Amino acid sequence: MDNLLAEAIALLKHLPDSCIEKALDAIRAVKSAHDSAQTITPPPCPACTGEQIVRNGHKHGKQAFVCRSCGKSFVETSHTALFNSHSGESVWKQVIRDTCNGIPLHKTAAALQLQQKTVFNMRHKILCALEQEERAHPATLSGVCEADETYVLESYKGKKLPDGFWRKPRKHGAVAAKPGLSQEYVCVCTGVERDGNAVAVAVNRAMASKDDIDRVFGARVSPSTLVLSDGATGYQVLAGKCAVQSVEKDGGGFYNINTVNGYHSFIKERHRKARGFATKYLNRYNSLFSKVFRKTAVITDHIYDLLRDGHDRYQTNINAQTRNLLEI
């Protein structure tokens with residue numbers, strides 16, 4: 001989807017000075033009509049969950065409420081990821097779209113006339129909400145599924161390596177020091193339903209163990225699940241929980257893992273475009289990749305609703321950068 005907000009800003013910039021006031025009057029009229037037509041259902045009190053809520057004016061442009069049960073006041077975005085944000089719905093949705101489409105931060109910031117740090121904070125609140133939702137409600141794999149591992153180069157992007165570190169610093173987008181699989185690569189266990197959900201979880205450096213595979217897939221499969229793998233013996237750990245079928249390298253027809261290989265290509269292309277993601281944030285991006293892979297329907301509204309729900313999504317910018325980091 002095009003960046004409509006950036007297009008509107010660009011059109012305003014090119015209007016003659018005599019037309020700016022008319023354009024602003026039209027925008028104010030549209031906003032006033034929208035505000036008048038909008039009906040906000042008072043949310044439950046985030047302090048006591050009471051429902052005796054009345055409106056209490058506005059605070060920083062947001063509808064404020066007061067709870068008659070406990071006397072606490074709050075705004076419509078309290079306890080959500082949007083709390084304390086100065087950006088509106090259109091800005092957040094454009095950042096969500098750019099995040100889903102892999103648009104670089106600096107391009108999003110330039111188009112929306114925001115600081116790159118601001119867009120970075122917004123993006124990580126989006127990623128944190130997706131990862132939090134995945135942790136609370138893990139995606140399940142049912143029917144015919146394909147499972148395999150892929151490997152991405154570990155990265156300390158944004159961090160200065162200390163003296164005496166076990167490897168030398170390298171530029172973004174560089175390759176590993178040694179050929180083949182080594183400790184410089186992070187193993188990502190992936191699974192894809194042929195008709196639905198996708199899962200990606202970074203588990204270890206180099207090879208995945210049976211415990212890693214069981215930790216990722218054990219609670220996601222069921223007796224009705226058929227897992228197709230490349231013949232790695234580690235997937236036999238799932239044999240007591242679901243059906244497991246090995247696929248020969250020259251196999252074809254029904255027994256193939258082409259879908260999960262396509263997922264690997266999608267993940268690696270996103271890493272290539274970004275010149276790598278910091279390893280500590282890897283599972284956040286894996287949650288995003290799992291959400292957007294093969295999705296033809298627009299999921300922007302779904303993610304925005306996730307940011308707006310009251311399930312204690314709010315966290316400071318510092319927390320969004322330091323919470324649930326991957327350490328391997």
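With unit charges on the beta carbons (Lys and Arg positive, Asp and Glu negative) and the dipole taken about the Cα centre of the stretch 209-328, which residue among A219, S229, L326 sits farthest to the positive side?
Farthest towards the positive pole: L326.
Share of the chain's accessible area from carbon and sulfur, percent, 1.4 Å?
Of all accessible area on the chain, carbon and sulfur atoms account for 53 percent.
List, largest first, the extents of the alpha carbons of the stretch 1-139 along their principal axes, each in whole Å.
Between the extreme Cα coordinates on each principal axis of the stretch 1-139 lie 54, 40, 24 Å.
For the stretch 166-217, list log₁₀ I(q)/I(0) at each q in 0.21, 0.23, 0.24 Å⁻¹, using the Debye formula over Cα point scatterers of equal strength and ignoring solvent, two decimals each.
-0.84, -0.90, -0.94
Answer with a single label: of (1) 64, 41, 40; (2) 68, 47, 46; (3) 67, 48, 35, which was calculated as Cα extents along the principal axes in Å from the structure in view?
(2)
Could you check which residue among P162, P223, P138 shows the biggest mean-square fluctuation in a GNM of the chain with a 10 Å Cα cutoff?
Of the options given, P162 has the highest mean-square fluctuation.
Between the stretch 116-137 and the stretch 311-328, what's the alpha-carbon centroid distance in Å?
8
Highest GNM mean-square fluctuation, the chain, Cα pairs closer than 10 Å: which of S246, S69, S265?
S69
Do you know the relative contact order of the chain, to the nearest whole percent, from alpha carbon pairs under 8 angstrom that are 6+ apart?
20
Quick check for me: using +1 on Lys/Arg Cβ and -1 on Asp/Glu Cβ, what's the dipole size of the stretch 148-280 about its Cα centre, in debye to the nearest 20?
Approximately 1000 debye in magnitude.
State the cysteines of the chain left without a partner when partners are defined as other cysteines whose beta carbon lies under 4.7 Å away.
Result for the chain is C19, C100, C128, C145, C187, C189, C242, no neighbouring Cys Cβ within the cutoff.
DSSP loop (so not H, G, I, E, B), at most 14 other Cβ within 10 Å: list which chymotrypsin sites (Phe, Trp or Tyr not before Pro) in the stretch 142-186 pass both filters.
Those that pass, being in a loop and sparsely packed, are F165, W166.
Would you kindly calculate the mean projected area, averaged across all directions, of the convex hull enclosing the Cα atoms of the stretch 181-328, in square nanometres?
One quarter of the hull surface, i.e. the mean projection, equals 10.9 nm².
Give the cross-link partners of K273 among the lysines, using a straight C-alpha distance below 20 Å as the criterion and excluding same-chain residues fewer than 8 apart.
Within the straight-line limit of under 20 Å, K273 reaches these lysines: K107, K117, K157, K159, K171, K291, K295.
The values are calculated or read from the model by the stated rules, or taken from the named source; none is laboratory data. Only a predicted model underlies this, so the values are computations on that prediction, with no experimental measurement involved. Cβ sites come from the backbone with ideal geometry, for glycine too, and all protein chains shown count toward neighbours. These accessible areas exclude ligands, DNA and RNA; they are computed on the full protein's heavy atoms, side chains included. Shrake-Rupley method; radii C 1.70, N 1.55, O 1.52, S 1.80 Å.
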